[in-house]
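The values are calculated or read from the model by the stated rules, or taken from the named source; none is laboratory data. The model shown is predicted, which means the values in this text are computed figures rather than measured ones. With ideal geometry, Cβ positions are generated from the backbone for all residues, glycine too; neighbour counts draw on all protein chains shown. Ligands, DNA and RNA are excluded from the accessible area calculation, which covers all protein heavy atoms including side chains. Shrake-Rupley method; radii C 1.70, N 1.55, O 1.52, S 1.80 Å.
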Amino acid sequence: MKIAILPGDGIGTEIVAQAVRAMQCLDLRFETETAAVGGAAYEAHGHPLPEATLKLAKEADAVLFGAVGDWKYDKLERALRPEQAILGLRKNLGLFANFRPAICYEQLTHASSLKPELVAGLDILIIRELTGDIYFGQPRGRREAPDGPFKGAQEAFDTMRYTRPEIERIAHVAFQAARKRSKRVTSVDKANVLETFQFWRDVVTEVHAQYPDIELDHMYVDNAAMQLVKAPKRFDVVVTGNMFGDILSDEAAMLTGSIGMLPSASLNEAGRGLYEPSHGSAPDIAGKDLANPLATMLSVAMMLRFSLNHPEAADRIESAVQHVLASGLRTADIWSEGTTKVGTRAMGDAVVAALSGKTTKTITKS
Ligand code: IPM
Ligand code: MG
């Protein structure tokens with residue numbers, strides 16, 4: 001099994017290093033190869049997604065990705081910004097199906113900004129379409145407005161569009177995922193205003209006819225944003241487009257107390273995937289041993305389950321993470337009164353110890 005390791009920027013390198021340590025405890029044989037991506041690749045090779053990195057990602061059985069981005073690149077032209085690396089990987093590898101689970105761990109119920117009773121036991125799966133929509137739609141650009149009240153003024157525009165096959169395949173992914181859960185799908189759109197999302201609703205409804213065992217409801221995105229903070233447990237699988245999925249997945253993530261806990265998987269038609277924590281590169285805390293490596297470790301678990309066919313190894317990682325949480329260890333983002341604050345590396349040590357069966361009960365305060 002060949003894994004491409006793309007740590008990226010900010011906290012990316014620290015969290016990926018800990019996840020790789022955890023992977024190495026699994027008694028499985030991996031070949032890993034590391035390559036630069038994002039701002040780090042721009043610095044080293046003049047491009048956020050160098051040819052060699054893309055080639056490695058394409059050849060590997062799976063990609064473990066850290067995070068990209070730093071404010072210091074905000075002034076670069078768009079094509080050279082770190083974010084283009086992740087967008088380019090999604091497009092070039094055809095990673096159209098993005099799974100973002102939002103699970104509220106029992107021990108972290110109090111870290112949520114919502115009342116504990118609203119989030120206790122929360123387990124939502126957001127399935128975000130990842131290679132279409134306004135993110136990639138052409139044409140886009142700047143020009144002189146060809147019409148309208150400000151005809152002739154400078155304007156910028158993007159294009160929201162979805163083809164039928166793009167909607168069909170993500171709908172199938174959602175219904176099939178729901179079969180393994182509580183058999184409910186909420187499709188989120190803006191059919192009351194946007195032609196693209198009226199079409200989305202029509203096509204999702206058509207595909208649903210093939211899944212009579214699954215309950216489907218449709219919700220406008222503004223209402224979905226509200227319901228997520230009002231009664232998040234009403235959701236099970238949520239399927240939506242690229243733009244709405246970007247926004248709602250951050251909202252859902254925060255319900256669980258910390259975005260630092262949430263993994264993600266982005267899969268293509270062949271089941272190959274890129275696995276990354278749902279959080280970003282957090283340049284403000286980079287290099288300070290403050291970042292939470294658990295989301296990246298849980299992303300490795302998703303990789304083992306979805307792309308590498310080692311569900312037992314995935315279970316081991318997830319149990320090890322549960323174990324360290326139960327033993328009271330917390331990185332700063334999930335710390336609360338009565339628990340023990342540890343850094344990135346010490347959290348890695350604890351997971352490695354749990355995976356090696358050395359379940360030490362001695363907790364050192366830092
Ligand atoms: C995400 C991120 C990306 C996105 C950025 C970094 C391009 O916010 O993965 O959610 O908008 O998709
Ligand atoms: Mg986002």
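Of all residues in region 234-251, those satisfying the criterion of being within 11 Å of ligand 1 (Cβ to nearest atom) and not acidic (Asp, Glu) are ASN242, MET243, GLY245, ILE247, LEU248, SER249. Candidates MET1, MET23: the one that is open to solvent by 60 Å² or more (accessible area, probe 1.4 Å) and touching a residue at least 60 places away in the same chain (Cβ under 8 Å) is MET1.
Residue by residue, here is whether (1) over 21 Å from PHE244 (Cα atoms); (2) within 24 Å of the chain's Cα centre (by Cα); (3) assigned to a loop (DSSP other than H, G, I, E, B) holds:
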| position | (1), (2), (3) |
| --- | --- |
| GLY137 | no, yes, yes |
| GLY148 | yes, no, yes |
| GLY152 | yes, no, yes |
| ARG161 | no, yes, yes |
| ALA174 | no, yes, no |
| ALA177 | no, yes, no |
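Residues of region 254-276 that are touching a Leu at 6+ places or on another chain (Cβ under 7 Å), under 21 Å from LEU95 (Cα atoms) and within 15 Å of ligand 2 (Cβ to nearest atom): PRO263, SER266, LEU274. Summed over region 154-171, residues that are open to solvent by 40 Å² or more (accessible area, probe 1.4 Å) and more than 16 Å from ligand 1 (Cβ to nearest atom) total 10. For region 226-241, the criterion of being open to solvent by 10 Å² or more (accessible area, probe 1.4 Å) and within 16 Å of ligand 2 (Cβ to nearest atom) is met by none of the residues. Screening ALA295 on (1) within 16 Å of ligand 2 (Cβ to nearest atom); (2) of a type in the set (A, V, I, L, M); (3) within 20 Å of THR340 (Cβ to Cβ); (4) more than 11 Å from the chain's Cα centre (by Cα) shows it passes everything except condition (4).
For (1) in a loop (DSSP other than H, G, I, E, B); (2) open to solvent by less than 50 Å² (accessible area, probe 1.4 Å), each residue gets a yes or a no:
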{"site": "GLY260", "(1), (2)": "no, yes"}
{"site": "LEU274", "(1), (2)": "no, yes"}
{"site": "HIS279", "(1), (2)": "yes, yes"}
{"site": "LEU298", "(1), (2)": "no, yes"}
{"site": "ARG305", "(1), (2)": "no, no"}
{"site": "GLU312", "(1), (2)": "no, no"}
{"site": "VAL324", "(1), (2)": "no, yes"}
{"site": "MET347", "(1), (2)": "no, yes"}
{"site": "VAL351", "(1), (2)": "no, yes"}
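Is it the case that region 78-101 has a residue that's farther than 28 Å from LEU125 by Cβ, over 21 Å from the mean Cα position of the chain (by Cα) and more than 15 Å from ligand 1 (Cβ to nearest atom)? No, every residue in region 78-101 fails to be farther than 28 Å from LEU125 by Cβ, over 21 Å from the mean Cα position of the chain (by Cα) and more than 15 Å from ligand 1 (Cβ to nearest atom). What about MET254, is it modelled with pLDDT under 95, part of a helix (DSSP H, G or I) and either more than 14 Å from ligand 1 (Cβ to nearest atom) or over 26 Å from VAL352 (Cβ atoms) (or both)? In short, yes. What are the residues in region 178-212 that are surrounded by fewer than 19 Cβ atoms within 10 Å (Cβ to Cβ) and within 19 Å of LYS233 (Cα to Cα), if any? ARG179, LYS180, ARG181, SER182, LYS183, ARG184, listed by residue number. So how many residues does region 257-282 have that are closer than 26 Å to VAL342 by Cβ, of a type outside the set (D, E, K, R) and within 13 Å of ligand 1 (Cβ to nearest atom)? The qualifying residues number 11.
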